[in-house]
Amino acid sequence: MAYRYLGNKTRISDWIADIVMEKIPENGRIADPMCGTATMSEAFADRGLNVVASDQLKFPILHAKARLQSAHKYDFSKVAISYEDALQQLNDLETINGFFWKEYSAQGLPVNGAKPRKYFTGENASKIDAIRAKIIQWRSIGLNDDACDLLLHDLILAVNDVANIAGTYGYYRSSWNNSSLKPLELKASKRVSYSNLHTVLQGKVEDTASKLNIDACYLDPPYTKRQYAGNYHILETLAQEDMPTPAGEGGLRDWSPQASDYCYKRHVRSAFHKTIKQLDARWIFLSYSEDGHIPENELLDLLSEYGNVERLEMPLERYRSNSKVNKNGHVQEHLYVLEKNYG
């Protein structure tokens, strides 16, 4: 899955998964409750673990379902001959100048009076409107939710391919990048069959932690003030199948109900305590950057309240949303391995 996503672990997924496999039993059950694009969930599943993936946002849930459950034999017969035929029908739709064209295209007229937002060309935005309307209509006539969610996942990936952004959806580029001028096209997702029946849930980790029956948990929380709900608002709107009232010049949906306490310096420590206390798992693996709100020695002290902790390090090239960011070229990604005390 080619995807520029804040904190994505694609480059170090094998390193993390191999460390996890040294600690937990064969065919063990592991939770990935901040799964994002589900990169780590897939890495764990590929190694034979039984995965519980979750996130508080809706669009990561679509990705997790597609990566862990899409080999299920979904029935597209209500609307198409096959999955591939359904995708072709969506790609062949006549365009509609609807919500996305109005709010997020260069030809649009935002309802709040902002200047047209160049997230997409007018043609691609009107294609998004047509496809999302058709998926909603198919859902209403009885195409099952799993099949519709797989098509939404494919739409999100296609949208991400043609979005005129520097990396996130916090704002659009002033000039067009080459990929944004290409026509939007849905492509079939890889469908992998697993022997385990993996679970996908939605909810904040602080709320779902106590409900998990697991051997281990992999935590990958936000570590800066950048809220995922705001930075990926367009993808969340696609996943929610709604039409919120976009605010400001960037057209963000109201993301405050989905704000993460891990993004606030004043709340992050209590969020960690609440989560770890509720996790009934021997092993907790935590990804955290040296740039995080909590300095590494303080985080070691916090985790040590719950058991024995080891910190491992991996250097990574630093994420840049644009070429003008003036930061050192590498950052240390830390993996904390906590064996919890019991009794």
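Couple of notes before you dig in:
- Think of the chain as having a plus end and a minus end, set by charges on the Cβ of Lys, Arg, Asp and Glu; of P25, P315, I135, I135 sits farthest toward the positive end of this dipole.
- Placing +1 on the Cβ of every Lys and Arg and -1 on the Cβ of every Asp and Glu, with no other charges, gives the stretch 9-96 a dipole of roughly 300 debye about its Cα centre.
- Candidates per GluC sites (Glu not before Pro) in the stretch 56-121, loop by DSSP, up to 14 other Cβ within 10 Å: E94
- Computed [θ] at 222 nm, deg cm²/dmol, the chain (DSSP H ≥ 4; -39,500 (n - 2.57); rounded to nearest 500): -10000 deg cm²/dmol
- For the chain, the Rg and Dmax computed from alpha carbons only, in angstrom: 20.6, 63
- Length added when fully stretched, D46-N297, from 0.36 nm per residue minus Cα-Cα: 87.0 nm
- Compactness of the stretch 1-85 as Cα Rg over 2.2 N^0.38 Å, two decimals: 1.23
- For the stretch 97-133 versus the stretch 249-306, the inter-centroid distance based on Cα atoms is 35 Å.
- Taking every C-alpha pair closer than 8 Å and separated by at least 6 residues, the mean separation divided by the residue count of the stretch 1-58 gives a relative contact order of 36 percent.
- Charge tally in the Cβ shell below 11 Å around G28, where Lys, Arg are +1 and Asp, Glu are -1, G28 excluded: +2
- Furthest towards positive pole of dipole, L49, A38, A80, structure part the stretch 36-110, Cβ charges: L49
- Listed peptides 124-130, 159-165, 172-178 appear in the order 124-130, 159-165, 172-178 once ranked by packing, highest mean of other Cβ atoms within 10 Å at the front.
- Taking a sphere under 13 Å around the Cβ of D301 and counting the other residues whose Cβ falls inside, with K and R at +1 and D and E at -1, yields a net charge of -1.
- Loop-located trypsin sites (Lys or Arg not before Pro) in the stretch 1-97 whose Cβ has at most 12 other Cβ within 10 Å (DSSP): K73, K78
- Each label was represented as a point 7 Å from its Cα along the Cα-to-Cβ direction; for S195 and N178 these points are 4.5 nm apart.
- Nearest-20 debye value, the stretch 133-227 charge dipole, Cβ charges on Lys, Arg, Asp, Glu: 340 debye
- Summing charges over neighbours of F285, with a neighbour being any other residue whose Cβ is under 12 Å away from its Cβ, gives -2 when K and R count +1 and D and E count -1.
- FRET efficiency for the pair D207 and N341, taken as 1/(1 + (r/R0)^6) with r the Cβ-Cβ distance and R0 = 22 Å, rounds to 0.40.
- Residue exposure sequence - W255, W15, W101 - by fewest surrounding Cβ within 10 Å: W15, W255, W101
- Positive-end residue of S70, T121, V111, charge dipole of the stretch 41-139 with Cβ unit charges: V111
- Calculated FRET value between E84 and D18, using beta carbons and R₀ = 35 Å, to 0.05: 0.50
- Contact order relative to length of the stretch 118-174, as percent, for alpha carbon pairs under 8 angstrom and 6 or more apart: 51 percent
- Shape of the stretch 154-270, Cα gyration tensor, a/c cut at 1.5: oblate
- Remark: L181, L279, L201 ranked as L181, L201, L279, counting other beta-carbon atoms within 10 Å and listing the fewest first.
FYI, it's all coordinate maths here, none of it is from the lab. No experiment lies behind these values; they were computed from the predicted model shown. Every residue, glycine as well, gets a Cβ built from its backbone with ideal geometry; the counts of neighbours run over all protein chains shown.
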